[in-house]
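Chemist: This is the structure I want to talk about, given as structure tokens.
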Amino acid sequence: MPEKSEGTMVTTSLKTVLSAAALTAVVMAAGTTPALASVPLSGTRIAAHFDLAQGQQPENIVLEPDGTADITFAKARQVAQLTPAGHIRILATLPAPADGGVKTPALGFALTSGIVRVPDGTLYFLYATGTADLTGLWRLRPSGTPERIAALPADGLPNGLALDPHTGAFYVTDSVLGTIWRVPAGGGTAQAWSTATELAATGFLGANGLKFHGNALWVTNFDKGTVLRIPVGRDGRPGPIATRATGLAGIDDFAFTGQGDRILAALNAPNVVALIQPDGTHAAVLTSADGLQGPTSIALRGNTVYIPSAAYLTAKDPNLVLTHLGCDVG
């Protein structure tokens, strides 16, 4: 049975908790908000509204074959499902740290972040609390209960999560420690896979979104406004880092539009979704006028694009926006 919601939470808006740091980071990041572009998007709409008072601020998303969205609700410490009909089902609520999460680096509250799904329906996700007993990679089997399978440093902020399709190993971005961690497929001891300077923060958050694509890990850096590509060698070690795009202030998570290197990226603080071309040029394709409230991540199913917004800075109407890509964007 899924766990029930813990009731109404008294939440402090991230506008008061984080805005100064977040806006400082955006100013420090390279470049400015992309110019608005005209691309073949259609049917853009808000598909679901979430409850800010309950901490339902969607941080990350992964899709099931039928279009059901598995979502981490950051401040609620929850993993939830949103059905295509718009019904929310809470799958699990993570245990609260003894101090309430105030020691969580950079943020000051415990949160669930990156999430991936494997074919048998098992969900893997990250939880950051600032405490050694809870921070790490967690697993939730269908109809099961959440269990931590790998500890991560309490003084870090595990954020993005990706699964190596070849080895089954997990990779985790640490936005505070500027590290990519590698965790064995079945869990266990996390090892620092890369601590390259390109991953470091410059005031707030560094390495953030994370995806496997074309035998490489692609990573965003929030503070620096960059998209990075790190080849994964045959020995599993990181190759030379290449900066593939710059000037994307406040970039969070992202998704590839197809087999090529075009990217749709969530720019949290500027409140836009940007289309990044393989040559690194980019332009905004969705804005607050389309319903965005601080987008955090992107997922695609066919040509349908799912965009959660956590309202971290706007402090109103966390939601899920759907839109549809034209065939020439893939």
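The values are calculated or read from the model by the stated rules, or taken from the named source; none is laboratory data. From a predicted model like this one, the values you see are computed outputs, not experimental measurements. Positions of Cβ are generated from backbone atoms using ideal geometry, with glycine treated the same way; all protein chains shown enter the neighbour counts.
Chemist: Quick test for you: out of 81, 56, pick the one residue that is at pLDDT 95 or above and in contact with a Ser or Thr (Cβ under 6 Å, 6 or more places away or on another chain).
Modeler: The unique qualifying residue is 81.
Chemist: Can you pull out every residue in region 218-257 that is within 21 Å of residue 268 (Cβ to Cβ) and of a type in the set (A, V, I, L, M)?
Modeler: Scanning region 218-257 gives 219, 227, 228, 245, 248, 249, 251, 255.
Chemist: Out of 312, 306, which single residue is assigned to a loop (DSSP other than H, G, I, E, B), within 15 Å of the chain's Cα centre (by Cα) and surrounded by 23 or more Cβ atoms within 10 Å (Cβ to Cβ)?
Modeler: Going through 312, 306 in turn, the sole match is 312.
Chemist: Does residue 287 satisfy the criteria of being surrounded by fewer than 24 Cβ atoms within 10 Å (Cβ to Cβ) and not aromatic (Phe, Trp, Tyr)?
Modeler: The answer is yes for residue 287.
Chemist: Follow-up question, since we're still on this one. Report every pair of residues separated by at least 6 positions or lying on different chains whose Cβ atoms are under 9 Å apart, first residue within region 259-286 and basic (Lys, Arg), second surrounded by fewer than 23 Cβ atoms within 10 Å (Cβ to Cβ).
Modeler: These pairs meet every condition: 262/256; 262/275; 262/277; 262/278; 262/329; 262/330.
Conditions tested, residue by residue: (1) modelled with pLDDT of 95 or more; (2) part of a strand (DSSP E or B); (3) in contact with a helix residue (DSSP H, G or I) (Cβ under 6 Å, 6 or more places away or on another chain); (4) of a type in the set (Ser, Thr, Tyr).
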residue: 218; (1), (2), (3), (4): yes, yes, no, no
residue: 253; (1), (2), (3), (4): yes, yes, no, no
residue: 261; (1), (2), (3), (4): yes, no, no, no
residue: 269; (1), (2), (3), (4): no, no, yes, no
residue: 278; (1), (2), (3), (4): yes, no, no, no
residue: 289; (1), (2), (3), (4): yes, no, no, no
residue: 300; (1), (2), (3), (4): yes, yes, no, no
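Chemist: Restricting to region 147-162, name every residue that is surrounded by 20 or more Cβ atoms within 10 Å (Cβ to Cβ) and over 13 Å from residue 176 (Cβ atoms).
Modeler: 150, 161, 162
Every residue, every condition in (1) over 21 Å from residue 163 (Cα atoms); (2) over 17 Å from the mean Cα position of the chain (by Cα); (3) surrounded by fewer than 22 Cβ atoms within 10 Å (Cβ to Cβ), yes or no:
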position	(1), (2), (3)
73	no, no, no
77	yes, no, no
87	yes, yes, yes
116	no, no, yes
119	no, yes, yes
123	no, no, no
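Chemist: Pick out the one residue from 187, 156, 130 that is assigned to a loop (DSSP other than H, G, I, E, B), closer than 22 Å to residue 97 by Cβ, touching an Asp or Glu at 6+ places or on another chain (Cβ under 6 Å) and not aromatic (Phe, Trp, Tyr).
Modeler: Testing whether each residue is assigned to a loop (DSSP other than H, G, I, E, B), closer than 22 Å to residue 97 by Cβ, touching an Asp or Glu at 6+ places or on another chain (Cβ under 6 Å) and not aromatic (Phe, Trp, Tyr) leaves just 156.
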